[in-house]
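The values are calculated or read from the model by the stated rules, or taken from the named source; none is laboratory data. All of these numbers come straight from a predicted model, not from anything done at the bench. Cβ placement follows ideal geometry from the backbone for every residue including glycine, while neighbour counts extend to all protein chains displayed. With ligands, DNA and RNA removed, areas are computed over all heavy atoms of the protein, side chains included. Shrake-Rupley method; radii C 1.70, N 1.55, O 1.52, S 1.80 Å.
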Amino acid sequence: MSRVAIQPNADWHCETAAQATRRFIRACERWGVTGTSLIHPLPDSEGRPISMDVGFFGEPSASRLLVVVSGMHGVESLPGAAIQVGWIESGGAELLPRDTAVLMVHQANPWGCAYRRRFNEDNIDLNRNFLDFSLPLPLNDRYPAIHDQLKPGTRLGDFGERSGDFLGELVSGEGIDSVIDLLMAGQHQFPRGFGYGGQEAAWSNRSLAQLMATYSPGRERVCYLEIHSGLGPYGYGQLISLQLGSTLERTRRWFGQWVFNPRADKQPGEAGYREVPGHSTDGFIGFFPGAEVTPVTLEMGTYPPGASLALLLEEHVLYCAGDNAPTGKLDALRALIQEYHFPVDPDWRVANWCRGWQVIQQAMRGLTHD
Ligand SMILES: [Zn+2]
């Protein structure tokens, strides 16, 4: 257990992706780390370049490595970015055990971060994109039946304003778990559809593969921590694992028996069971051939899932409407969606930062003592 006293009320949070990028790069520089920036092919809405930024802390040849990733779902990036900057600026690197290093990957989905979208520049949910694309793609056989309804001028309203009613009807018919499966399981058939997983590796997936190829040689034990928000009880940081067998056992030894695993804790067909094909935690295992990899996702809970999902559907309809959408409506909605993933409430933010710090320390202990 580290004896460093962190400051719970220190505020490492930024309000925009551009501010967060500047703060992350400045923090790396202040702690003597020259980061790497992978520039995204598209600019932000003000024409500025956007990037996935990386900082490496510790001995370059360390055999043990913790990789911390923020912003895989763009609109969820700011809580994760605050944990990364807080760890750096609190002197986390000075606490690194021998032969252990940390790689911070800031804004893995730079376009989604800049535009406050869950999805990327190609409408892809990156957590459904880490697949072997030489194999047949997973089939979400329920999605095609509702695809045509998730468009402007349908039951969801001219521009998605009746998304809440639509979702309410679905939920009252088949229950929230079934509806979450239908919409969030991912689909690979409709590039302009909801929850699209892509038909090839997305820019972020390719960039992460390229980055990890440079950081993987010599690593024997790797912990991969991906930070998300918006799922689970308000202010509670739930750890989720998708791996089975000895990897799941190790994850629970390191992070506690309450680590939730939707593939192991539920049976196929049971409410709450999720297969989640193409998840990045599966993809990361492949980036470190020969190493023991322990992937885990931190989900900082905010508001109830039904409300959040209705907003995501409304945003999807407006996205489909493109230039036909009423001026300002999409921006206003994305601001609300940001609140649903990154509450302005300072107490939520304290919980976020402290939980993030705690999970990083748990990962360190697991990497070095297990
Ligand atoms: Zn997420």
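Got a sec? Charge dipole of region 35-128, +1 on Cβ for Lys and Arg, -1 for Asp and Glu; which of Gly112, Ala93, Asn127 is way out at the positive end? Projecting each Cα onto the dipole axis, the largest value belongs to Asn127. A 1.4 Å probe, protein heavy atoms only, puts the accessible area of Ser172 near 100 Å².
Annotation: extensible slack from Lys266 through Ser172 equals 31.6 nm (criterion: 0.36 nm per residue apart, minus Cα-Cα distance).
Measuring nothing but protein heavy atoms, the accessible surface of the chain at 1.4 Å probe radius is 53 percent carbon and sulfur. Computed over neighbours whose Cβ is under 10 Å from that of Ser280, the net charge equals -1, Lys and Arg +1, Asp and Glu -1. Here region 131-192 is assigned +1 on the Cβ of each Lys and Arg and -1 on the Cβ of each Asp and Glu. Its dipole about the Cα centre then comes out at about 200 debye. Calculated [222 nm] ellipticity per residue, helices only, for the chain: -12000 deg cm²/dmol; basis is -39500 (n - 2.57) per DSSP H run with n ≥ 4, divided by all residues, nearest 500.
Net charge around Ala18, counting only other residues with Cβ within less than 11 Å of its Cβ (Lys, Arg = +1; Asp, Glu = -1)? Taking every other residue near Ala18 into account, the sum is 0. Could you do me a favour and compute the accessible area per residue for region 73-125, 1.4 Å probe, result in Å²? In whole numbers, region 73-125 has 19 Å² accessible per residue. Around the Cα centre of the chain, unit charges on the Cβ atoms of Lys, Arg, Asp and Glu (plus for the first two, minus for the last two) sum to a dipole of about 840 debye.
Rolling a 1.4 Å probe over the protein heavy atoms leaves Glu292 with an accessible area of roughly 60 Å².
The GNM of the chain, with springs linking C-alpha atoms under 10 angstrom apart, assigns the highest mean-square fluctuation among Leu103, Leu65, Leu78 to Leu103.
Once you list every other residue whose beta carbon is under 15 Å from the beta carbon of Gly301, what net charge do they have if Lys and Arg are +1 and Asp and Glu are -1? Here the count lands on -3.
Computed on the chain, the Cα convex hull volume stands at 131 Å³ per residue. Per residue, region 293-370 exposes 35 Å² of solvent-accessible protein surface, assessed with a 1.4 angstrom probe and all protein chains in place.
The mean sequence distance of close C-alpha pairs (under 8 Å, at least 6 residues apart), as a share of the length of the chain, puts its relative contact order at 22 percent. Region 201-277 and region 144-185 have Cα centres spaced 28 Å apart.
For Glu174, the accessible area of its heavy atoms, probed at 1.4 Å with every protein chain present, is near 80 square angstrom.
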